[in-house]
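This report concerns only the one structure given below.
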Amino acid sequence: MNLECLKFQARPYQPLLEAPDLFLRFRDLELDPNSLLKFADRYGWIGEAGRADYGTRGWMRAVGISQWQEEIQAMVVAHHLWECLKNEEWRTLRKYFVWHRDVFDVRAGIRIVGREIQPERNPEIIDEWTAPTMAWHEWLVKPEQVAQLKAIGWRRDDVVGPARLMLMNLINPRLEVLCHPRLTWI
């Protein structure tokens, strides 16, 4: 086996030094394959889900376009929730969070079609979605969290706490993949 073919020139790679707003650039990407490939060619792949033949350099881990689109859409939703919280847009947040009438629980209902964020009020009604589309329809409060949430000031019909929790649910799993910081209740 010729070891010469396995040598690659290494260089330091710290894209956030070059582009501190890289996360915003990623969020603002168009969802078409050409925009995604241009970004990947400049800054690298995200995650891994398959392998792509990288010419004479062998195989390289890669993800499909749909995964890129989902990550961009999740970032668009996270940024939207952050902006609503920061600007105290409670009326907008009330479109996305509905409290159960009997139980201390709140449902998040958010859909994003392309880059347009919409409330998801009737998830049972499935209309024709145009791709790429994602939806979050979930009850947010686990029974073991009720006492803790009440202790930190959650009350029925509040949207600030649920919006923060939804934001945590969007961000923390993505941080856990490569590092271990996380958002917390405080």
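The values are calculated or read from the model by the stated rules, or taken from the named source; none is laboratory data. Just so we're clear, the structure is a prediction, and the values are computed from it rather than from any experiment. FYI the Cβ positions are ideal-geometry reconstructions off the backbone, even for glycines, and counts take in every protein chain you see.
The residue pairs whose first member lies in region 12-34 and is closer than 18 Å to His79 by Cα, whose second member is loosely packed, with under 11 Cβ neighbours inside 10 Å, and whose beta carbons are closer than 8 Å, counting only pairs six or more residues apart or on different chains, are Leu22/Leu16.
Note on region 134-163: residues that are over 13 Å from Phe97 (Cα atoms) and either in contact with a His (Cβ under 7 Å, 6 or more places away or on another chain) or not in a loop (DSSP other than H, G, I, E, B) (or both) amount to 11. Filtered by the rule that a residue be closer than 18 Å to Gln67 by Cα, hydroxyl-bearing (Ser, Thr, Tyr) and modelled with pLDDT under 75, region 1-53 gives no residues.
I'd like to verify a number: residues in region 77-125 that are of a type in the set (Gly, Ala, Ser) and either part of a loop (DSSP other than H, G, I, E, B) or in contact with a Gly (Cβ under 6 Å, 6 or more places away or on another chain) (or both), how many?
Result for region 77-125: 1.
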